[in-house]
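The values are calculated or read from the model by the stated rules, or taken from the named source; none is laboratory data. Nothing here was measured: the structure is a model prediction, and the numbers come from that model. For neighbour counting, all protein chains shown are included, and Cβ atoms are generated from backbone atoms with ideal geometry for every residue, glycine included.
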DNA sequence: CTCAAAAAGGAAAACGTTTTCCTTAGTAGC
DNA sequence: GCTACTAAGGAAAACGTTTTCCTTTTTGAG
């Protein structure tokens with residue numbers, strides 16, 4: 001911490017130092033400054049470049065976003081539309097995305113759509129008005145403006161949940177394969193009374209996890225009867241787990257192996273079991289996401305581990321890529337010893 | 001879901017509909033359109049206003065942010081600089097803030113400073129370049145540019161952690177009072193072997209909680225000896241709790257009452273206790289924040305409840321207010337029965 | 001009826017960039 | 001000594017707003 005008095009070194013910039021100021025200081029035109037800033041080749045001698053660079057440093061110049069955006073017809077803003085920011089896995093993705101975007105020179109605008117098509121539309125329109133140069137949908141929901149954006153060929157990246165209108169860039173894990181792996185592990189572990197609790201299948205991620213789990217069981221010749229499955233469209237996954245395990249247990253006793261399509265569902269399950277004073281350790285519970293807090297708050301939970309910290313870079317890569325590729329990241333299956 | 005064909009109602013706008021288009025359609029000048037949009041009084045007849053409004057609706061016009069920002073010298077972007085977005089309580093504040101900002105017509109830019117002064121400076125400069133009209137600091141750290149912003153009188157709101165340079169708008173709870181309440185409750189509960197585990201006191205929030213707790217005990221004539229206190233600057237609060245309870249127990253046995261300055265610290269404590277197979281229910285543990293997930297994942301934890309969902313509106317109010325007022329929100333003390 | 005003030009609204013400047021034209025001076029190939 | 005071509009760089013337009021002037025018309029007070 002240096003004393004407030006001796007800050008006469010280069011703290012002059014104060015507020016808005018424009019390209020014109022830099023040009024004047026370097027003794028060149030604003031066009032040249034702009035070209036140096038954007039490293040346009042063959043438009044300035046090395047000497048000029050150095051002079052401009054020096055002026056930029058001395059004045060602490062940094063291009064005003066609005067000017068550039070207005071001229072180019074697009075800003076450096078990337079909008080991230082999350083369906084529910086209170087969900088820890090969303091927050092993890094948002095955090096990783098922010099870091100990756102920032103180091104790629106973008107600025108993240110974060111919006112919470114609460115899984116509401118109307119609100120999503122509002123945000124999409126607003127971001128268009130802000131000249132956002134990219135849209136990241138963390139759990140997209142079908143909506144009119146989204147369809148519009150898709151068909152207009154805007155720069156969209158769908159994360160975890162696929163484009164409800166098909167196609168488009170996608171970043172996520174292989175949910176179906178993960179579901180199947182869970183099935184295999186539970187069966188090999190010797191569980192004979194399996195159950196499944198899942199959230200809304202309007203999410204392609206959830207739907208794939210469920211389908212993969214069922215397919216995995218089918219491949220092993222294991223049957224999953226209907227009263228061993230609970231699904232709900234409720235947004236609060238904790239609630240789903242709590243209610244789901246109650247229902248399942250009520251109509252056929254405690255299972256000995258359980259797949260929950262999210263960690264939160266598993267937390268809800270555990271809560272009910274503890275309230276019932278059930279023999280919790282007799283049940284193998286597998287969640288999905290594997291929150292970094294799990295080793296601390298849920299050491300009893302196995303989980304498909306989604307590499308959220310790697311999502312950021314993947315999303316930036318997807319945004320930058322020209323073709324509509326899907327980026328499938330590798331998941332893991334974390335088994336926690338009792 | 002309506003069929004893709006019959007969308008000829010008013011889906012024409014496609015991409016960029018500018019103020020000029022609206023003006024043309026309404027048969028007025030762009031100046032008039034602008035004035036109607038910003039409801040400048042005495043500049044348009046009711047009839048004109050209606051005509052413009054109709055044109056706006058029909059074309060789906062919405063002012064381009066960059067144009068307005070450039071002209072006015074400030075955008076509608078509000079930057080939220082969070083010290084650690086993976087902390088659930090930060091995420092909760094961010095979510096509430098986003099909603100409140102949005103409904104007040106602002107757009108939230110979320111940045112994760114990782115509690116790093118250099119990164120915070122980078123963000124502050126970048127946001128200045130983006131003409132951000134407000135800065136919300138969720139856990140500010142002392143840094144050169146921040147000092148600059150403070151003395152330049154920029155629109156700053158400090159949340160939870162106070163301005164390291166003094167003054168400024170502040171939103172938070174009365175941490176000292178809350179700490180004292182915890183002390184009182186623990187003593188009244190009959191605990192005689194108290195302990196305290198806290199994070200970095202560089203955060204004014206933590207410092208106040210600790211000071212309040214100590215003052216509360218002192219007022220009751222209870223002494224808190226040094227080997228019953230553990231503090232650490234480590235960022236990971238889970239780790240602090242885990243290590244803290246180990247140290248404290250090692251140098252004086254298990255406490256029967258414990259105050260942790262964050263929920264996460266308490267989670268870490270619980271983990272260690274369970275690993276040691278300690279009689280966990282013999283200890284009254286009080287956390288701070290009271291995450292909405294606590295009833296589910298930590299029903300054993302008492303906690304000072306911070307009304308994070310109310311932070312959003314308070315922050316917007318603070319941003320809008322002319323004078324540098326502090327907004328102190330009411331906290332609670334949630335006691336969970338065993 | 002006169003005059004001032006208010007209402008209504010248009011033309012154009014300004015904001016800070018990027019980029020399209022230009023112009024000039026070298027330079028390589030013949 | 002030409003002719004092309006490239007390097008180097010400036011002037012000015014353009015992006016979409018808001019706002020300052022300015023003009024014309026209407027209103028109200030005397």
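To keep it simple, each residue is scored yes or no on (1) outside any strand (DSSP E or B); (2) more than 13 Å from chain A (Cβ to nearest Cβ); (3) touching a helix residue (DSSP H, G or I) at 6+ places or on another chain (Cβ under 8 Å).
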{"position": "B:221", "(1), (2), (3)": "yes, yes, no"}
{"position": "B:239", "(1), (2), (3)": "yes, no, yes"}
{"position": "B:248", "(1), (2), (3)": "yes, yes, yes"}
{"position": "B:254", "(1), (2), (3)": "yes, yes, yes"}
{"position": "B:259", "(1), (2), (3)": "no, yes, yes"}
{"position": "B:265", "(1), (2), (3)": "yes, no, yes"}
{"position": "B:270", "(1), (2), (3)": "yes, no, yes"}
{"position": "B:273", "(1), (2), (3)": "yes, no, yes"}
{"position": "B:296", "(1), (2), (3)": "yes, no, yes"}
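Being more than 30 Å from residue A:85 (Cα to Cα) and not in a loop (DSSP other than H, G, I, E, B): is that true of residue B:98 here? No, not satisfied.
Would you check if there is a residue in the stretch B:216-228 being closer than 30 Å to residue B:165 by Cα, surrounded by fewer than 20 Cβ atoms within 10 Å (Cβ to Cβ) and in contact (Cβ under 8 Å) with a residue 24 or more places away in the chain? No, every residue in the stretch B:216-228 fails to be closer than 30 Å to residue B:165 by Cα, surrounded by fewer than 20 Cβ atoms within 10 Å (Cβ to Cβ) and in contact (Cβ under 8 Å) with a residue 24 or more places away in the chain.
The residue that is farthest from the other protein chains (Cβ to nearest Cβ), counting only those in the stretch B:20-41 that are more than 16 Å from residue B:58 (Cα to Cα), under 37 Å from the mean Cα position of the chain (by Cα) and near DNA strand D (Cβ under 6 Å from one of its atoms), is B:35.
Comparison of A:79, A:66 shows that the only residue that is closer than 30 Å to residue A:124 by Cα, away from DNA strand C (no atom under 11 Å from the Cβ), at pLDDT 95 or above and within 32 Å of the chain's Cα centre (by Cα) is A:79. On the stretch given as the stretch B:20-60, residues that are part of a helix (DSSP H, G or I) and either surrounded by fewer than 18 Cβ atoms within 10 Å (Cβ to Cβ) or within 11 Å of DNA strand C (Cβ to nearest atom) (or both) total 24.
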